[in-house]
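So the structure is just underneath, and the comments pick up after that.
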Amino acid sequence: MAVVELEIPARPAYLSLVRLIVDAAVGSLAPGLSVARLDDLKIAVTEACSNAIEAHEAICADGPVVVRCTIEDHQVTVDIVDRGRGFDPERVEVLPAATDPRRLRHESGLGIPLMRTLTDEVTFMPQADGTRVSLTVYRPPP
Amino acid sequence: MSARMQLRTETVDIAGWTVVSVFGEVDVATAPDLKERLTGLVNEGRVKLVLDLSGVDFLDSTGLGMIVSALKRARTHGGDLRIVCTEARITRLFEITGLDKALTVMPTVDAAVAGS
């Protein structure tokens, strides 16, 4: 098992750096993962980090957002830990169907559905001082 | 670290449409700049927009939300917004979110500006 951990200031300008690190760490340490699957993971990580940064901004929280990549034989997991205002993912608004004209009233709310679709496992863990989001994609057998 | 370095746009008018080609990464750091650019065009009366994402390396939900916002603004002013995209990793996001049914996604700029 290999672990790569990154701490970033809670600012959007650092999202690109997170993608670079995840790409380099997972790309080199989990060679069996396809480029498409790594792209999926980077989108999901960006969504989780964006939410973490927004949560920090909402309460002017100090401290970094932690991004931890854990590469194991059969899966890659990225944990995103923030110290912002927690949230209940089950209370996120369900968007109208795409064919419903009301769908275009919604410019946000796509992040969590994307995380759920693009990864094999997503876990939201509210904590006393923030939230931990765990994103996992499975690696094909060698 | 400058967010502006991650995004560049080029604008050209073709057959009555204003084609905005985007290069770089569209996320929460850069989407506001792109939204401002598209809002400015609509405010100038250029309401028939084509957003060419062929040069986009990365797009997330904030970028998708920005596109929905621009689409609504263009339609509110009697225009439209069409998307040009060939990269599977980008078109897939429109399909996953169902936005491919809410707006027009075309493979080329020529196809996007064809018709009224």
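In table form, for the structure just shown:
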| item | result |
| --- | --- |
| Search result, residues across segment B:67-112 that are touching a Pro at 6+ places or on another chain (Cβ under 8 Å) and crowded, with 21+ Cβ neighbours inside 10 Å | B:Val84, B:Cys85, B:Thr97 |
| Residue within segment B:37-54 that is closer than 17 Å to A:Ile43 by Cα and of a type in the set (A, V, I, L, M, F, W, C) present | yes |
| Residues that are in contact with a strand residue (DSSP E or B) (Cβ under 9 Å, 6 or more places away or on another chain), assigned to a helix (DSSP H, G or I) and not hydrophobic (A, V, I, L, M, F, W, C), drawn from segment B:75-94 | B:Arg75, B:Arg89, B:Thr91 |
| Qualifying residue in segment A:33-48 (condition: within 11 Å of chain B (Cβ to nearest Cβ), hydroxyl-bearing (Ser, Thr, Tyr) and within 18 Å of A:Val133 (Cβ to Cβ)) | yes |
| Search result, residues across segment A:18-41 that are under 17 Å from A:Val66 (Cβ atoms) and charged (D, E, K, R) | A:Arg19 |
| Subset of segment B:77-116 (residues that are within 12 Å of another protein chain (Cβ to nearest Cβ) and either among the β-branched types (Val, Ile, Thr) or under 12 Å from B:Ile67 (Cβ atoms) (or both)) | B:Leu81, B:Ile90, B:Leu93, B:Phe94, B:Ile96, B:Thr97, B:Leu99, B:Asp100, B:Ala102, B:Leu103 |
| Out of B:Leu49, B:Leu38, sole residue that is outside any helix (DSSP H, G or I), crowded, with 21+ Cβ neighbours inside 10 Å and among the aliphatic types (A, V, I, L, M) | B:Leu49 |
| Residues of segment A:19-29 that turn out to be within 14 Å of chain B (Cβ to nearest Cβ) and crowded, with 21+ Cβ neighbours inside 10 Å, as a count | 2 |
| Check on B:Asp33, surrounded by fewer than 21 Cβ atoms within 10 Å (Cβ to Cβ), modelled with pLDDT under 95 and not aromatic (Phe, Trp, Tyr) | yes |
| Residue check for A:Gly27: on the phi < 0 side of the Ramachandran plot, part of a loop (DSSP other than H, G, I, E, B) and of a type outside the set (A, V, I, L, M) | no |
| Residue among B:Leu59, B:Leu38 that alone is facing another protein chain (nearest Cβ under 10 Å) and either on the phi < 0 side of the Ramachandran plot or of a type outside the set (Lys, Arg) (or both) | B:Leu59 |
| Odd one out for A:Ser134, checked against (1) touching a helix residue (DSSP H, G or I) at 6+ places or on another chain (Cβ under 8 Å); (2) modelled with pLDDT of 95 or more; (3) over 27 Å from B:Ala70 (Cα atoms); (4) hydroxyl-bearing (Ser, Thr, Tyr) | (1) |
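The values are calculated or read from the model by the stated rules, or taken from the named source; none is laboratory data. All values derive from a computational prediction rather than experimental measurement. So basically every Cβ, Gly included, is an ideal-geometry build from the backbone, and we count neighbours across all protein chains shown.
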